[in-house]
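First up is the structure itself, then whatever we jot down about it.
The values are calculated or read from the model by the stated rules, or taken from the named source; none is laboratory data. As the structure is a prediction and not an experimental result, all values here were calculated from the model. All Cβ positions, glycine included, derive from the backbone under ideal geometry; neighbour counts span all protein chains shown.
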């Protein structure tokens with residue numbers, strides 16, 4: 001009887017601990033997710049928002065004291081400097097708004113300043129505009145790791161900054177004809193800031209457009225010509241290839257990309273797609289099939 005009571009007590013406490021552990025994990029997941037969304041939704045960010053958000057994705061940065069912020073000063077703004085676990089530096093300039101950032105920071109002036117401060121070193125730099133912040137990631141060159149490893153690492157950082165700090169969105173237009181499938185992936189962000197002193201709302205945006213086409217017809221035995229265009233309101237992506245090989249058609253031809261701070265497609269926009277392969281033309285529309293993309 002005592003053994004049964006003892007076993008029951010152990011089972012009871014083991015079960016209670018297991019429930020506590022599961023609750024802790026779930027609560028932590030919600031906490032991390034909430035904090036990530038909190039940074040994305042903020043109009044004004046600080047260096048802590050950046051460091052905390054990157055840490056959530058396994059990119060750990062700590063304050064760096066070997067560099068003098070005065071050497072990287074732009075007008076009256078000194079950066080906060082951090083170093084990641086790979087020895088790369090991150091400079092974070094904090095302004096009152098993206099309007100002030102636009103007024104103070106010129107990309108070429110930033111690169112010139114960086115070149116002067118690091119004149120005895122070789123490096124690769126990446127600039128990021130993040131609402132009221134200007135970020136510069138400095139990677140020592142030659143790389144300590146393989147180029148692909150460095151590229152993957154920087155791509156991960158770029159994705160985190162785009163989605164979790166700049167509150168980036170993605171929308172996809174798709175369409176097809178008898179011989180072709182087409183897709184245009186649009187990634188974008190938009191920011192607004194209200195200047196109470198002027199009673200004026202300022203707007204900043206950026207987007208990229210990446211078109212792709214897939215051939216569904218009979219692959220030719222020899223290289224042929226290719227023309228394509230993607231047209232929508234206020235924008236056109238087009239190109240011509242005198243020769244495209246059968247292998248390229250099988251893989252899908254590389255069409256390049258476009259973007260900038262101009263018009264961003266809306267839910268009811270349509271891309272008019274025109275593809276001519278070896279003199280045969282097909283035209284069709286690419287639209288947004290999943291309108292819930294706009295609520296993300």
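Return the residues of segment 145-160 that are without any contact (Cβ under 8 Å) to a residue 40 or more places away in the chain and not in a helix (DSSP H, G or I); say none if nothing qualifies.
Quick first cut of segment 145-160, residues without any contact (Cβ under 8 Å) to a residue 40 or more places away in the chain only: 146-152, 154-155, 158-159.
146, the sole residue that qualifies.
Within segment 96-117, can you find the residues that are assigned to a loop (DSSP other than H, G, I, E, B) and in contact with a strand residue (DSSP E or B) (Cβ under 7 Å, 6 or more places away or on another chain)?
Filtering segment 96-117 down to residues assigned to a loop (DSSP other than H, G, I, E, B) leaves 96-97, 105-106.
Correct list: 97, 105.
Per this entry, residue 225 is counted among residues that are at pLDDT 95 or above and out of contact with any helix residue (DSSP H, G or I) (no Cβ under 7 Å at 6 or more places or on another chain). Test residue 243 against the stated conditions and say whether it is touching a residue at least 40 places away in the same chain (Cβ under 8 Å), in contact with a strand residue (DSSP E or B) (Cβ under 9 Å, 6 or more places away or on another chain) and on the phi < 0 side of the Ramachandran plot. Answer is no for this residue. No other residue among 291, 281 is more than 15 Å from residue 212 (Cα to Cα) and either surrounded by 15 or more Cβ atoms within 10 Å (Cβ to Cβ) or at pLDDT 95 or above (or both) apart from 281.
Inside segment 118-144, can you point out the residues that are touching a helix residue (DSSP H, G or I) at 6+ places or on another chain (Cβ under 8 Å) and assigned to a loop (DSSP other than H, G, I, E, B)? 131, 132, 143 - these are the residues of segment 118-144 that are touching a helix residue (DSSP H, G or I) at 6+ places or on another chain (Cβ under 8 Å) and assigned to a loop (DSSP other than H, G, I, E, B). Scanning for something over 18 Å from residue 265 (Cβ atoms), surrounded by 15 or more Cβ atoms within 10 Å (Cβ to Cβ) and modelled with pLDDT of 95 or more, does segment 149-156 turn up at least one residue? Scanning segment 149-156, I find no residue that is over 18 Å from residue 265 (Cβ atoms), surrounded by 15 or more Cβ atoms within 10 Å (Cβ to Cβ) and modelled with pLDDT of 95 or more, so the answer is no. Scoring residue 91 on the criteria (1) modelled with pLDDT of 90 or more; (2) surrounded by fewer than 17 Cβ atoms within 10 Å (Cβ to Cβ) leaves a single failure, condition (2).
Take the conditions under 30 Å from residue 145 (Cβ atoms), at pLDDT below 75 and assigned to a helix (DSSP H, G or I) and apply them to residue 25. Does it pass? Quick ask: steps written out before the conclusion?
Working: under 30 Å from residue 145 (Cβ atoms): no; at pLDDT below 75: yes; assigned to a helix (DSSP H, G or I): yes.
Considered against the rule, which asks whether it is under 30 Å from residue 145 (Cβ atoms), at pLDDT below 75 and assigned to a helix (DSSP H, G or I), residue 25 comes out as no.
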